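Presented below is the structure to which this report refers.
The values are calculated or read from the model by the stated rules, or taken from the named source; none is laboratory data. This structure is a prediction, so every number in the text was calculated from the model and none was measured. With ideal geometry, Cβ positions are generated from the backbone for all residues, glycine too; neighbour counts draw on all protein chains shown. Accessible surface areas use protein heavy atoms only, side chains included; no ligands, DNA or RNA. Shrake-Rupley method; radii C 1.70, N 1.55, O 1.52, S 1.80 Å.
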Amino acid sequence: MSNMAVLEGVLERITYANEENGYTVARVDTGRGAGDLLTVVGALLGAQVGESLRMEGRWGSHAQYGKQFTVENYTTVLPATIQGIRRYLGSGLIKGIGPVMADRITTHFGVDTLDIIEREPKRLVEVPGLGPKRTKMIATAWEEQKAIKEVMVFLQSVEVSTSIAVRIYKKYEDASISVVKNQPYRLAADVWGIGFLTADRIAQAVGIPHDSPERVKAGLQYALSQSSDQGHCFLPEERLIADGVKLLQVDTGLVIECLAELAADPEGVVREKVPSPDGGEPITAVYLVPFHRAELSLAGQVRRLLKTGEDRMPAFRDVDWDKALAWLATRTGATLAPEQEQAVRLALSRKVAVLTGGPGCGKSFTVRSIVELARAKKAKVVLAAPTGRAAKRLSELTGAEASTVHRLLELKPGGDAAYDRDRPLDADLVVVDEASMLDLLLANKLVKAVAPGAHLLLVGDVDQLPSVGAGEVLGDLLAEGGPVPAVRLTRIFRQAQQSGVVTNAHRINAGQPPLTEGLSDFFLFVEDETEDAGKLAVDVAARRIPAKFGLDPRRDVQVLAPMHRGPAGAGNLNGLLQQAITPGRPDLPEKRFGGRVFRVGDKVTQIRNNYDKGENGVFNGTVGVVTGLDVDEQRLTVHTDEDEEIGYDFDELDELAHAYAMTIHRSQGSEYPAVVIPVTTSAWMMLQRNLLYTAVTRAKKLVVLVGSRKAIGQAVRTVSAGRRCTALDFRLRGGSGEDFA
């Protein structure tokens, strides 16, 4: 490698960073004076602005940008000049030191600054404005930074990014290097953001054999975990074995042996015979333990609630319905349609009931009527929904307090709930809206907390996309021949018929193309090229809709894309929308993290469940706006749509993504005044009827489709391919694996 060159310099600015592959374009100051900055490109993900870098690579030239250095690998070195030290400390790398304080410290200690922080941190109190508390904080942050660096130097050899190294350190602290060397597959289970593939890369680098049983078992559990991310509660055994062989590139026999070992381990996997999802011969299903437990438990709890002799609302057993409904009409000012009336009777007289139906069919009015009647009989009514926005809407509709399911159950770190079978909710009637969003694990926790004799009403639109998490709970509860009584509202009310949004939602659901001409609330901008469609969607959301309809582009308009990747995907559109709505300004602080830049005013969403944040945790899908960004304290503050102020340390920013655009899947349970939907042929594999239907039904007032008629036709024609692998409907009917023994 004789043509490898070495370059040293201070990282001044990152102009581009791709989070997925680490490719970075940056400007470095090589200390040659004259303020000249040099462009470097390559795998620099994890290097922080202000750090002194020693880079190995090659010199080259770019037609547009001139001379540049391509980095093959780099190490961080401590700066030696006062200017370098000041820049290093002022970059926000050490908590408690911002640019002003860095200036004061280096003015006081000069080139000895880093030695002082390292060896005699107590002397920092000599600096004006630095008290003992801040000094201690700086010393702690420095030590942590040093320890993380050590782990990072080790992990750099196996190409693990900084953000992951930080997480490994936070999880295992001093044991980090030992765990990484000796038990790398633990990382996939213990550390959020590390999947099997990263753990496997590390394992290979530390010398764990390709055919190690430990590797094969971890790979099988990873395959099951991946399938649960796609909504499946189990995988058929044959499919899991085939997936395992493909993923691990090992012999089928070894995979079968390791699967048998996992099945013998109480914490491994569960094998059980269940009916085939497509109605054929019974299959052997393989479950991760938590999903098997939850499926058995949920089915058992629902059947127990239905069968119990207790009744916490006995007044409705022999109520005079004509009289009750006449009283209700005087309260609400409207009479119920026959199917709505049936739903009201069902919810108040049966222990578990489901109410489903599309937009404009009166679900909301029916729920309000049920709540009014229950309250009239002094019943304790508890209202909940899976998301903050849906809970707020339910509260406005009924005039009673509603909370998220997570808050209602007071979920604790680790996912345990304060309310469960031993300590049920003090409620006579529990109403859960947007129930299509309930995944298996959350539905199980919820139903466990319903007291015997209480009534449970689940309300939702079964034609929407199923939950983001595993399971198809609402669909399984509505399955034919099941024990749960249900009403499906089908009649569209007159005022709703005048809405293009409602009319087209029902047309799409029936397999007919939406009407896109002559409507005041539903538009199509035809653009066949994917990239142009993406740019047009941004223009419509950020400029045209606000100008024509007076809506706020951040609060009232939501771009919903079928997929995350690609020119018209949520990831790319987020960057373009941020430029249009919250552009960078010299006087505005910002924080670059991986490939993202966070600014005050940004619309963001939480992308994992974190039980340690906020009053009762912050959950995947919670949306908010960045209201504060403190470079000295290295903290960013988000005001969520549940009216909570949540703080994020800078090293936790991988929990946040921008939310100017989001995938349709992530928008479930939310409603927005206006929705812009790019529908392009590049998303061909994703285009399905329930996807487009879900997107359109998120809009309260206005829908704008941007894209090609061909892609819209594909979405309308394509019915979702196959059901998820779940056996809940079978278990609800009383089935078990012994039926096939």
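Give me the number: length gained by fully extending T75 to E590, i.e. 0.36 nm times residue separation minus the C-alpha to C-alpha distance, one decimal in nm.
Numbers: separation 515, 0.36 × 515 = 185.40 nm, distance 2.52 nm.
Length difference between fully extended and current span is 182.9 nm.
How much of the DSSP beta bridge set in region 498-706 is antiparallel, as a percent to the nearest 5? Spell out each step's value before the answer.
Values: 22 of 38 bridges.
Percentage antiparallel, nearest 5: 60.
Helix 213-229 versus the longest principal axis of the chain: what is the Cα-based angle in degrees, 0 to 90, to the nearest 10?
Taking Cα atoms only, the helix is inclined about 50 degrees.
According to the square roots a ≥ b ≥ c of the eigenvalues of the Cα gyration tensor, what is the shape class of region 498-706, taking rounded for a/c under 1.5, prolate for a/b larger than b/c otherwise, and oblate for the remainder? Walk me through the intermediate numbers first.
Details: a/c = 1.97, a/b = 1.73, b/c = 1.14.
The shape class here is prolate.
Quantify, in whole percent, the carbon and sulfur part of the accessible surface of region 307-491 (1.4 Å probe; protein heavy atoms only).
Numbers: 3420 of 7310 Å².
Roughly 47 percent of what the probe reaches on region 307-491 is carbon or sulfur.
Measure off 7 Å from each Cα along the Cα-to-Cβ vector at R375 and Q230, then give the distance between these two points in nanometres to one decimal.
Those two pseudo-labels are separated by 4.6 nm.
Could you tell me which of S61, Q83, G50 has its Cα farthest along the dipole of region 50-97 towards the positive end, charges placed at Cβ (Lys, Arg +1; Asp, Glu -1), taken about the Cα centre?
The Cα lying farthest towards the positive end belongs to Q83.
Please give the peptides 440-449, 508-517 ranked by average Cβ packing (other Cβ atoms within 10 Å per residue), highest first, as a rough proxy for protection. Each step should come with its number before you reach the end.
Numbers: 440-449: 24.9, 508-517: 15.2.
Going from most to least packed, we get 440-449, 508-517.
Counting helices only, and only those DSSP H runs with n ≥ 4, report the 222 nm mean residue ellipticity of the chain as the sum of -39,500 (n - 2.57) divided by its residues, in deg cm²/dmol to the nearest 500.
Working: 27 runs with 276 residues, N = 741.
So the calculated ellipticity at 222 nm is -11000 deg cm²/dmol.
What is the angle, in °, between the Cα long axis of helix 500-509 and the longest principal axis of the Cα atoms in the chain? Nearest 10 is fine, range 0 to 90.
80 degrees
So how do 558-564, 269-275 stack up, highest first, on mean other-Cβ count within 10 Å?
558-564, 269-275
Go through K273/K351; K323/K448; K246/K535; K95/K181 and tell me which ones have a Cα-Cα distance over 32 Å in this structure. If you can, show how the numbers build up before the last one.
Details: K273/K351 30 Å; K323/K448 35 Å; K246/K535 38 Å; K95/K181 29 Å.
As for pairs spanning more than 32 Å Cα to Cα, those are K323/K448; K246/K535.
Report the Stokes-Einstein translational diffusion coefficient (µm² s⁻¹, integer) for region 611-741, Rh taken as the Kirkwood radius over Cα pairs, at 37 °C with viscosity 0.692 mPa s.
Approximately 179 µm²/s, per Stokes-Einstein.
Kindly work out what percent of the DSSP beta bridges joining two residues of the chain are antiparallel, to the nearest 5.
On the way: 60 of 102 bridges.
Among the beta bridges of the chain, antiparallel pairing accounts for roughly 60 percent.
Treat every Asp and Glu Cβ in the chain as -1 and every Lys and Arg Cβ as +1, leave all other atoms uncharged, and give the resulting dipole magnitude about the Cα centre to the nearest 20 debye.
1740 debye
Calculate the FRET efficiency for D36 and T15 from the Cβ-Cβ distance with a Förster distance of 22 Å, rounded to the nearest 0.05. Numbers along the way, then the final one.
Details: r = 16 Å, r/R0 = 0.71.
About 0.90, to the nearest 0.05.
What ³J(HN,Hα) values, in whole Hz, does the Karplus curve 6.51 cos²θ - 1.76 cosθ + 1.60 give for region 592-608 when θ = phi - 60°, with x put for Gly and Pro?
Per residue, the Karplus-derived 3J(HN,Hα) values read 8, 9, x, x, 10, 10, 9, 9, 4, x, 5, 8, 10, 9, 6, 10, 8 Hz.
Quick check on region 3-73: take the gyration tensor over C-alpha atoms, sort the square-rooted eigenvalues as a ≥ b ≥ c, and tell me if it's rounded (a/c under 1.5), prolate or oblate.
Values: a/c = 1.31, a/b = 1.13, b/c = 1.15.
Taking the square roots of the gyration eigenvalues as a ≥ b ≥ c, region 3-73 is rounded.
What is the list of residues in region 39-80 whose amide nitrogen lies under 16 Å from a point 7 angstrom out from the Cα of V111, following Cα to Cβ?
Output list for this probe position: 78-80.
Between T490 and A263, 0.36 nm times their residue separation minus their Cα-Cα distance comes to what?
Details: separation 227, 0.36 × 227 = 81.72 nm, distance 4.57 nm.
Gain in length upon complete extension: 77.1 nm.
As I understand it, the value is the acute angle between the Cα axis of helix 252-264 and the longest principal axis of the Cα atoms of the chain; what does it come to in degrees, rounded to 10?
70 degrees
For the chain, what is the accessible area per residue in Å² when the probe is 1.4 Å?
The answer is 44 Å² per residue.
Looking only at region 3-73, where both bridge partners belong to it, what percent of the DSSP beta bridges are antiparallel (to the nearest 5)?
On the way: 25 of 29 bridges.
Percentage antiparallel, nearest 5: 85.
Projecting each Cα onto the charge dipole of the chain (Lys/Arg +1, Asp/Glu -1 at the beta carbon, about the Cα centre), which of A102, P546, V604 comes out farthest on the positive side?
Farthest towards the positive pole: P546.
Say a paramagnetic label sat at a point 7 Å from the Cα of T252, along Cα to Cβ; which residues of region 197-240 have their backbone N under 17 Å from it?
236-240
Which entries in the list K377/K700; K378/K613; K136/K170; K133/K591; K170/K412; K392/K412 go over 28 Å, if you measure between the two C-alpha atoms of each? Spell out each step's value before the answer.
Values: K377/K700 33 Å; K378/K613 36 Å; K136/K170 19 Å; K133/K591 25 Å; K170/K412 20 Å; K392/K412 22 Å.
From the list (K377/K700; K378/K613; K136/K170; K133/K591; K170/K412; K392/K412), the Cα-Cα distance tops 28 Å for K377/K700; K378/K613.
Between N616 and residues 5 or more places away or on another chain, which pairs have amide H atoms under 5 Å apart, with H built 1.01 Å from N, and which residues are they?
When sequence neighbours closer than 5 places are left aside, there are no close amide H contacts.
Any chance you could run the full-extension gain for D528 through E8? It's 0.36 nm times the residue separation minus the Cα-Cα distance, nm to one decimal.
On the way: separation 520, 0.36 × 520 = 187.20 nm, distance 4.75 nm.
Residue separation times 0.36 nm, minus the Cα-Cα distance, leaves 182.4 nm.
List the residues, sorted by chain then number, that are 5 or more residues from V706 or on another chain and whose placed amide H is less than 5 Å from its amide H.
Here the answer is F525, I677, V679, since their amide H atoms fall under 5 Å of that of V706.
How large is ³J(HN,Hα), in whole Hz, for each residue of region 510-517 in order, when computed from phi with the Karplus curve 6.51 cos²θ - 1.76 cosθ + 1.60 and θ = phi - 60°, using x for Gly and Pro?
8, x, 10, x, x, 7, 10, 10
Name the shape class, rounded, prolate or oblate, that the alpha-carbon gyration tensor gives for the chain, where a ≥ b ≥ c are the square roots of its eigenvalues, rounded holds for a/c under 1.5, and otherwise prolate holds if a/b is larger than b/c and oblate otherwise. Mind showing how you got there, number by number?
Numbers: a/c = 1.82, a/b = 1.57, b/c = 1.16.
Prolate is the answer for the chain, as a/c is 1.5 or above and a/b outweighs b/c.
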